[in-house]
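*Asks:* Next up is a structure, given as structure tokens.
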Amino acid sequence: MQRLDHMSSTLRSIAVRHDNRPQNHNIWHYHEELEFIYIKRGKGTFFVGDCIQQFSDNFIILIGSNTPHYWLFDEEYIKSDTSTADIQVIHFKPDFVGSDFLDIPESVAIKQVYRFAKKAILFPSDDTRLIYFFENVSAQTPIKRLTMLLDILEYTATQSMLITLVSANYTNPQQQGDYLRMNKILDYIRLHYKSKIQLDEIAHIAGMTPNSFCRYFKQRTGKTLIEFINELRIGQACKLLTESKAPIKEICFECGFHNFVSFHKIFKSITRHTPSAYREAAS
């Protein structure tokens, strides 16, 4: 797999795209361009840096340059003809208005936004100014898109409390060959996380020894394999607790846990709530 190139034309400083299918998103990747995305309709699990985050309708996030990310949309948005997603995506290089842009005094605040974006900035789902921006930018002339993006970045810089998802101690080692290997790993986890994943098998998929795989995976995701899988399973459990009335014990086994006591303990350690309290709070 080659590096994704979101700037399909050298004549455009900003690439704007509207997707109804998540086929462009369900891959692990990173790129020089910042990614500003508004998921008006869609649900799933979002991986960025060392963070695993559930997302649903009206999810707005700004991802910085070369920050690895992966969107795992729920199966209903990938396979179904009735559940279509609504995804507004904007890609732009840090110096999208010129090579000297980041050197001028007026860009100081925007550079600060870029630094926060490397940790992925999560915005409130009801931010009407951001929603207006996404829903109108595609219809604008190229020059108007530039001014609208500058305006919204300045607006972002004025927010007093920016919420970031990636932990402060996450390091971002990158190698060009990561694309194919990481997508093989994540695809395997996606298909098998509900059953017991054997370290030897997934290491073989990655073309590595088990010890090398463990080091590699921790470097790329900031988590051990079991931590990563447990967070994915708990995220799925949260979804089922919210959207279904299935018994909690049934949800435990459906999400890949084979021991209810272990499930209860891990659920509380990740969400800070018991499964029953989580369901009650979400109702």
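*Asks:* Does S244 satisfy the criteria of being farther than 30 Å from Y30 by Cα, open to solvent by 20 Å² or more (accessible area, probe 1.4 Å), in contact with a helix residue (DSSP H, G or I) (Cβ under 8 Å, 6 or more places away or on another chain) and of a type in the set (S, T, Y)? Show your work before the answer.
*Replies:* Values: farther than 30 Å from Y30 by Cα: yes; open to solvent by 20 Å² or more (accessible area, probe 1.4 Å): yes; in contact with a helix residue (DSSP H, G or I) (Cβ under 8 Å, 6 or more places away or on another chain): yes; of a type in the set (S, T, Y): yes.
Judged against the criteria, S244 is a match.
*Asks:* OK, next. Got at least one residue in the stretch 160-178 being assigned to a helix (DSSP H, G or I) and in contact (Cβ under 8 Å) with a residue 12 or more places away in the chain? Working first, answer last.
*Replies:* If we filter the stretch 160-178 for residues that are assigned to a helix (DSSP H, G or I), which is where we start, we get 178.
Filter again for in contact (Cβ under 8 Å) with a residue 12 or more places away in the chain, leaving 178.
Yes: one or more hits.
*Asks:* Out of everything in the stretch 126-146 that is at pLDDT 95 or above and of a type in the set (S, T, Y), what residue ends up being surrounded by the fewest Cβ atoms within 10 Å (Cβ to Cβ)?
*Replies:* So the residue we want is T128.
*Asks:* Another question, if that's okay. Of all the residues that make up the stretch 247-283, how many are within 23 Å of I189 (Cβ to Cβ), outside any helix (DSSP H, G or I) and not polar (S, T, N, Q)?
*Replies:* Total satisfying the criteria: 4.
*Asks:* Identify, please: which residue in the stretch 158-168 is surrounded by 14 or more Cβ atoms within 10 Å (Cβ to Cβ) and modelled with pLDDT under 95 and is, among those, nearest to Q53 (Cα to Cα)? Walk me through it before giving the result.
*Replies:* If we filter the stretch 158-168 for residues that are surrounded by 14 or more Cβ atoms within 10 Å (Cβ to Cβ), which is where we start, we get 159, 162, 164-166.
Right, trim to modelled with pLDDT under 95 and you get 159, 162.
Working: Q159: 22, L162: 16 Å.
That would be L162.
*Asks:* Regarding L232, is this residue open to solvent by less than 50 Å² (accessible area, probe 1.4 Å) and assigned to a helix (DSSP H, G or I)?
*Replies:* On the way: open to solvent by less than 50 Å² (accessible area, probe 1.4 Å): yes; assigned to a helix (DSSP H, G or I): yes.
Here the answer is yes, as L232 does meet what is asked.
*Asks:* Would you check which residues across the stretch 155-203 are out of contact with any helix residue (DSSP H, G or I) (no Cβ under 9 Å at 6 or more places or on another chain) and of a type in the set (K, R) and list them?
*Replies:* Within the stretch 155-203, just K196 meets the criteria.
*Asks:* Something else about it: Restricting to the stretch 37-50, count the residues that are farther than 12 Å from K118 by Cα, out of contact with any Gly (no Cβ under 8 Å at 6 or more places or on another chain) and either open to solvent by less than 20 Å² (accessible area, probe 1.4 Å) or not in a strand (DSSP E or B) (or both).
*Replies:* 8
*Asks:* Could you figure out which of (1) without any contact (Cβ under 8 Å) to a residue 24 or more places away in the chain; (2) among the aliphatic types (A, V, I, L, M); (3) closer than 21 Å to G44 by Cα isn't true of A277?
*Replies:* Against the list (1) without any contact (Cβ under 8 Å) to a residue 24 or more places away in the chain; (2) among the aliphatic types (A, V, I, L, M); (3) closer than 21 Å to G44 by Cα, A277 comes up short only on (3).
The values are calculated or read from the model by the stated rules, or taken from the named source; none is laboratory data. Note that the coordinates shown come from a computational prediction; the quantities given were computed from them, not determined experimentally. In this analysis, Cβ positions are derived from the backbone assuming ideal geometry, glycine residues included, and neighbour counts consider all displayed protein chains. The protein model used for the area step is the full one, side chains on, heavy atoms only, and it has no ligands, DNA or RNA in it. Shrake-Rupley method; radii C 1.70, N 1.55, O 1.52, S 1.80 Å.
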